[in-house]
């Protein structure tokens, strides 16, 4: 019998922001100087499927554990709201095989990720194979407009404190960037 998950699907609302950076060098120190705490480093492989609506992926992590992640988010520059649904997978290869047959694979993203926490924000320093280096900020919020608005401002302040230009902000997911035929300069997206 296939056991897909532990039977729990969690839902969260994130406000998130992603920017291309020419190098990750020095960003970890800057985050710690701003009061951040290092959580760890991971290798992740995200397999994105051709879902008819939203984004659907399986995330496999080198320290064990895999998740099925479905999320809805508009592509826009700057802080954006994502509705995220996820569950842990006990047999990711079987689920990946089934979803590949039904939906087809859109892209595969391989990355090295360092995770930090700073003032309730999770910060990812990512090196994505074939794309380069990025920084991501995620803040979990309730659906209240005032909390979403404050989270957007907080992410913008962090971006500014780290000296990252607004022109570097990205609109798309890594899965979409990778599927754009090996873009030479993700800074332009």
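Every number in this text was worked out from the coordinates using simple rules, so none of it is lab data. Note that this is a predicted model, so its numbers are computed, not measured. Counting neighbours? That spans all protein chains shown, and the Cβs are built from the backbone with ideal geometry, glycine included.
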On C-alpha positions alone, give me the angle between the axis of helix 145-161 and the longest principal axis of the chain, in degrees, nearest 10. 60 degrees
Angle between the Cα long axis of helix 92-103 and the longest principal axis of the chain, 0 to 90 degrees, nearest 10? 80 degrees
Remind me, relative contact order of the chain in percent, using alpha carbon pairs under 8 angstrom and six or more residues apart? 31 percent
Under the helix-only model (-39500 (n - 2.57) for each DSSP H run of 4 or more, divided by the residues of the chain), the mean residue ellipticity at 222 nm, to 500 deg cm²/dmol, is -6500 deg cm²/dmol
I'd like to compare 51-57, 128-134: which one has the highest average count of other Cβ atoms within 10 Å, and what's the full order after that? 128-134, 51-57
Fully extended contour minus Cα-Cα distance, from residue 100 to residue 146, at 0.36 nm per residue: 12.6 nm
